[in-house]
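S.K.: Sending over a structure as structure tokens; questions will come in a sec.
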Amino acid sequence: MFKHYTMTQLILPLDLEVKLQENDIAYAVHDLVEQIPDEAFASFLRETGNPAYHPRMMMKVILCAYTQSVFSGRKIDALLKDSIRMMWLAQGYEPSYRTINRFRVHPEVQELLRQCFVQFRCQLVQEKLIEEEAIFIDGTKIEANANKFTFVWRKAVEKYSANLVEKSNQMYDELLENEIIPEIKRENLDELSTEELVKVVEKLDAKVEEYDNQIEASKDVSERKQLRSERKAPKQYRKQFKDFVARKQKYQNDMAIFGERNSYSKTDHDATFMRMKDDYMKNGQLKAGYNVQIATEGQYTLAFDVFSNPTDTRTLIPFLDKIEEGFFKLPPYIVADAGYGSEQNYIDVIEHRERTPLITYNMYRKEKKKKYKNNAFHSTNWDYNEETDFYTCPNGKNLVFRYLSNRKDKDGFTRTFKVYECEDCSGCPFRSQCTKAKEGHHRKIQYNEKWEQQKEYVRQQLSEEKTGEIYGKRKTDVEPVFGFLKANLHFTRLSVRGKEKVKNELGFAFLAVNLRKYIATSG
């Protein structure tokens, strides 16, 4: 005997919600998106044309698909026809993959995603799943949707640009020397601008046209032959200068795309070539990618941002600005690893934001080791006389203060160093161990007073029981989120191009990770 089965009879119930399990992730997606205020969808309204799908519904189906590790527009389209939870969230609508792809990269979707993060955090606080004592910040590199061998390097562009300047100047001087064209008015004698190169081409055009008219007017065969021979040089110069104009414009465009970066990809101009930890060739190959920064608590991503700059140190301040502007008020403690420890970052967190940075610096762990503390040639271990302001080296010689040195970095931040120099290093038995200075020069040390005070402040904070305990949570709070994203969600490569579109996709991905964790812990 079999259970009743027929394909020609209507089966009840028709309500798809009945088929979903009690703790299905579709409910969490539905509840989260429903918390977005109606005003946030106003920008999607249009008065003409066919009525659009409701953005609330589109947000739900895309977010739900991401929780199932489905990131392709065509596969999301297929899920809408196959998955009960997707059918329920869409309420029978079936937007095409083109509609899905257009929606998820829409500029206004960024605001909807921001609202989702804000509402989700409020929900976590309300349910006491997170505390509001600290945030944990870290970054990871995610591979861009760009071809592997499409790199453009700043050094190469600068080199070719310098060669172009030199060659164009040389050829322009030849034109004047041979009296092929008259001299043009120049703004800079060192370099011909694009406009000046165009003027040279125009004058060469006129010269070639002049020869063409003379050849056409002449009936003498030998004269025509002579004119053609004379025309050959300006024609060759014209071709060369047209090439100069095109290359000059290309190099200027390249430099504009670079900004402060050293590379970009031809297929995604916002992507920068970075060294990835999870490189599949295991040979340190550079790949086009983005530096993704997140702020977490309780292993939930509360805010994120995307940077084209691979260095974490320079992302902290703009990321904290982004959090304050769009996500939430900063808690008392900002926790991050040594990659974020810098004088500028400490000043920003302590003095400007009035928060406590639990952020180590590069030498923090090394300075705690016995080998470092027992090294007699490290200037930090030397005796310092505060009254007369000098250090004493292992050979008993004094290093006295000489002058102040200011250094400005790429961001325009200035650091001040006190430079001390040994009174006499000649004949010192420890010279080879103590300094690499050439004979006749003496050992110098540079002391950054502000930086040393900040390092002492950080050491003090991390030595206290409460703050030390908070910092100890960093590895188990922020780093697992990247593991969930890459290993559990299988989100290892972006599927869209351009920084703003990348932000949208990562917003959906991090919300998907949050919801999967939320369901797993609440179930």
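S.K.: Would you pick out the residues in the stretch 1-46 that are at pLDDT below 60 and open to solvent by less than 50 Å² (accessible area, probe 1.4 Å)?
M.R.: Thr6, the sole residue that qualifies.
S.K.: Are there any pairs with C-beta distances below 7 angstrom linking a residue in the stretch 206-230 that is free of Cβ contacts under 8 Å to residues at least 40 places away in the same chain to a residue that is open to solvent by less than 80 Å² (accessible area, probe 1.4 Å) and not in a helix (DSSP H, G or I), with the two at least 6 apart or on different chains, and if so which?
M.R.: These pairs meet every condition: Lys207/Ile180; Lys207/Ile181; Arg224/Ser218; Leu227/Ser218.
Yes or no, residue by residue, for (1) surrounded by fewer than 17 Cβ atoms within 10 Å (Cβ to Cβ); (2) within 21 Å of Glu111 (Cβ to Cβ); (3) in contact with a Pro (Cβ under 7 Å, 6 or more places away or on another chain):
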position	(1), (2), (3)
Thr48	yes, no, no
Lys60	no, yes, no
Val70	no, no, no
Gly73	no, no, no
Ala78	yes, no, no
Met87	no, no, no
Gly92	yes, no, no
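S.K.: Further question on the same structure: Six or more apart or on different chains, Cβ under 8 Å: which pairs go from a residue in the stretch 31-56 that's touching a residue at least 60 places away in the same chain (Cβ under 8 Å) to one that's crowded, with 16+ Cβ neighbours inside 10 Å and among the basic types (Lys, Arg)? Could you list them?
M.R.: Final answer for the pair search is Val33/Arg56; Val33/Lys60; Ile36/Arg56; Phe41/Arg56.
S.K.: Still on this model: Please determine, by comparing only the residues of the stretch 20-48 that are of a type in the set (Asp, Glu) and outside any helix (DSSP H, G or I), which one is nearest to Thr521 (Cα to Cα).
M.R.: Asp24
S.K.: What about Lys329, is it modelled with pLDDT under 90, out of contact with any Asp or Glu (no Cβ under 7 Å at 6 or more places or on another chain) and farther than 13 Å from Val458 by Cα?
M.R.: no
S.K.: Keeping to the stretch 82-103, report how many residues are modelled with pLDDT of 90 or more and part of a helix (DSSP H, G or I).
M.R.: Total satisfying the criteria: 7.
S.K.: While we're looking at this one, here's another question. Return the residue satisfying two criteria in turn: it lies in the stretch 336-386 and is of a type outside the set (S, T, N, Q) and in contact with a Gly (Cβ under 7 Å, 6 or more places away or on another chain), and of such residues it is surrounded by the most Cβ atoms within 10 Å (Cβ to Cβ).
M.R.: Ile359
For every residue, the table says whether it meets (1) more than 22 Å from Ala338 (Cβ to Cβ); (2) open to solvent by 90 Å² or more (accessible area, probe 1.4 Å).
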| position | (1), (2) |
| --- | --- |
| Glu469 | no, yes |
| Gly472 | no, no |
| Pro480 | no, no |
| Ala487 | yes, no |
| Thr492 | yes, no |
| Val496 | yes, no |
| Glu500 | yes, yes |
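S.K.: Here is a list: Phe273, Phe241. Which entry is touching a residue at least 40 places away in the same chain (Cβ under 8 Å), surrounded by 15 or more Cβ atoms within 10 Å (Cβ to Cβ) and in contact with a Ser or Thr (Cβ under 6 Å, 6 or more places away or on another chain)?
M.R.: Phe273
S.K.: Return the residue satisfying two criteria in turn: it lies in the stretch 136-164 and is crowded, with 16+ Cβ neighbours inside 10 Å and farther than 30 Å from Leu494 by Cα, and of such residues it is farthest from the chain's Cα centre (by Cα).
M.R.: Ranking the qualifying residues of the stretch 136-164, first place goes to Leu164.
S.K.: Report, by residue number, each residue of the stretch 464-523 that is charged (D, E, K, R) and without any contact (Cβ under 8 Å) to a residue 12 or more places away in the chain.
M.R.: Answer for the stretch 464-523, where residues must be charged (D, E, K, R) and without any contact (Cβ under 8 Å) to a residue 12 or more places away in the chain: Glu464, Glu465, Lys466, Glu469, Lys475.
S.K.: Can you name the residue in the stretch 398-453 that is farther than 15 Å from Ser379 by Cβ and among the aromatic types (Phe, Trp, Tyr) and, of all such residues, is most open to solvent (accessible area, probe 1.4 Å)?
M.R.: Tyr403
S.K.: Could you run through the stretch 108-123 and say how many residues are in contact with a Lys or Arg (Cβ under 9 Å, 6 or more places away or on another chain) and open to solvent by 30 Å² or more (accessible area, probe 1.4 Å)?
M.R.: Number satisfying all stated conditions: 1.
S.K.: Among the residues of the stretch 373-383, are any within 28 Å of Tyr346 (Cα to Cα), outside any strand (DSSP E or B), basic (Lys, Arg) and over 32 Å from the mean Cα position of the chain (by Cα)?
M.R.: yes
The values are calculated or read from the model by the stated rules, or taken from the named source; none is laboratory data. Model, not experiment: these values are computed from the prediction. Heads up, the Cβs are rebuilt from the backbone with ideal geometry, glycines too, and the neighbour counts pull from every protein chain shown. Areas reflect the complete protein model, heavy atoms only, side chains present, ligands, DNA and RNA absent. Shrake-Rupley method; radii C 1.70, N 1.55, O 1.52, S 1.80 Å.
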